[in-house]
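Down below is the structure, laid out as structure tokens.
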Amino acid sequence: MAWQQLIEDIFILISQEMERILEGLTVDDLNQQPRPDCNSIGWLAWHLTRSQDRMIEDLTGEEQTWTRDKWYLKFNRSSDATETGVHHSSEEVIAFRSPDIATVMEYHHAVLEQTRRYVSTQLSEDELDRLFANPAFPHRRTPRERLMGVINDNLQHVGQAAYVRGLLKGKGWSDR
């Protein structure tokens, strides 16, 4: 197995976990917060995907799926390509309204495919260590650092979404 396949598999696993967490939830479930200052499952799924979309766009130089395919309209959000939920206030999180599971996962799958294309066609050992500057990501100057960051963030957010589902639905929702 090539090391690129391992990276793809990590992103696929994150997607599968998100599907499992969202399965059977209503839009009200997606938007319910365990407390007013906590993220909802829908917000976490959106933020995880937006952050990945923005990071992969930065690595490929292509337009984000968010703007290119007008996902912002389906999420009733701004077309601002820099808006990913980072630094959202409690009020902004409360105001966020998730669309249905199908829409959330369709956007997530579109970003996953963009990520897989990048990893399978552009990611080489030389590419991993390529230096480039982006003021939005001052501490992640190479594709290696950016990929590690987005994988770390995605794993944390998918775990948070699973935890929130457990808080909302109780023990036993997972088959594990």
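The values are calculated or read from the model by the stated rules, or taken from the named source; none is laboratory data. If you're wondering where the values come from, they're calculated on a predicted model, not measured in any experiment. Cβ atoms come from the backbone with ideal geometry, glycine included; neighbour counts cover every protein chain shown.
Quick notes
- The listed residues are Arg130, Arg146, Arg141, and the only one of them that is in contact (Cβ under 8 Å) with a residue 40 or more places away in the chain and charged (D, E, K, R) turns out to be Arg146.
- Looking only at residues in region 22-51 that are crowded, with 22+ Cβ neighbours inside 10 Å and of a type in the set (Val, Ile, Thr), the one that is nearest to Glu92 (Cα to Cα) is Ile41.
- The residues on offer are Leu59, Leu25, and the sole one that is touching a helix residue (DSSP H, G or I) at 6+ places or on another chain (Cβ under 9 Å), modelled with pLDDT of 95 or more and of a type in the set (A, V, I, L, M) is Leu25.
- Failed condition for Trp71, given (1) within 21 Å of Asn152 (Cβ to Cβ); (2) crowded, with 22+ Cβ neighbours inside 10 Å: (1)
- Residue-level check: of (1) touching a helix residue (DSSP H, G or I) at 6+ places or on another chain (Cβ under 6 Å); (2) closer than 13 Å to Phe96 by Cα, Ser15 misses just (2).
- Residue pairs whose Cβ atoms lie under 6 Å apart, sitting 6 or more positions apart in sequence or on different chains, and linking a residue in region 157-176 that is part of a helix (DSSP H, G or I) to a partner that is among the acidic types (Asp, Glu), are Val158/Glu17.
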